[in-house]
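Since every read-out is calculated from the coordinates, none of them should be taken as a lab result. Predicted model only: the values in this text are computed from it and were never measured. As a convention, Cβ positions derive from the backbone with ideal geometry for all residues, glycine included, and neighbour counts pool all protein chains shown.
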Amino acid sequence: RTDVSARQVASWPEETYGRGGRAKPIAPYEAWIDGLVDAGELVLVPCAGTAPAALAAKRVFGDDARYVCVDVQEAAYEGFRERYDAEFDE
């Protein structure tokens, strides 16, 4: 359970990660995952885009994060990798 509101004001990143349009902020997903997901649970990210929920899981659980991202656009994976590398300096 979490007391974090699903409706939050968050800063939107300026970077598009090659997909056009702005990428969704990670912070709200981080709060939800921290409050709703237990360590070791799998996070399924449908319509992933740049996968802010997966990045939030990585922030919360570190290398123990477990997630599966699904998107119909091939460019989504490249956008995710670009954002992941920028977020985690890899």
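In the calculated pair distance distribution of the chain, what percentage of Cα-Cα distances lie above 19 Å?
For the chain, the share of Cα pairs beyond 19 Å comes to 37 percent.
Along the Cα→Cβ direction, 7 angstrom out, place labels at residue 12 and residue 74. What is the inter-label distance in nm?
2.8
Would you kindly state the longest site-free stretch of the chain, with sites defined as trypsin sites (Lys or Arg not before Pro) in a DSSP loop (not H, G, I, E, B) surrounded by at most 12 other Cβ atoms within 10 Å?
It runs 8-90.
Nearest 500 deg cm²/dmol is fine: what mean residue ellipticity at 222 nm does the chain get from its DSSP H runs of n ≥ 4 alone, each adding -39,500 (n - 2.57), divided by its residue count?
Per the formula, -12000 deg cm²/dmol.
For the chain, give the magnitude of the charge dipole about the Cα centre (Cβ charges: +1 Lys/Arg, -1 Asp/Glu; no others), in debye to the nearest 20.
400
How much net charge surrounds residue 69 when only other residues with a Cβ under 12 Å from its Cβ are counted (Lys, Arg +1; Asp, Glu -1)?
Surrounding charge for residue 69 is +3.
Calculate how steeply helix 74-88 sits against the longest principal axis of the alpha-carbon atoms of the chain, using the helix alpha-carbon long axis, and give the answer as 0 to 90 degrees to the nearest 10.
Tilt of helix 74-88: around 60 degrees.
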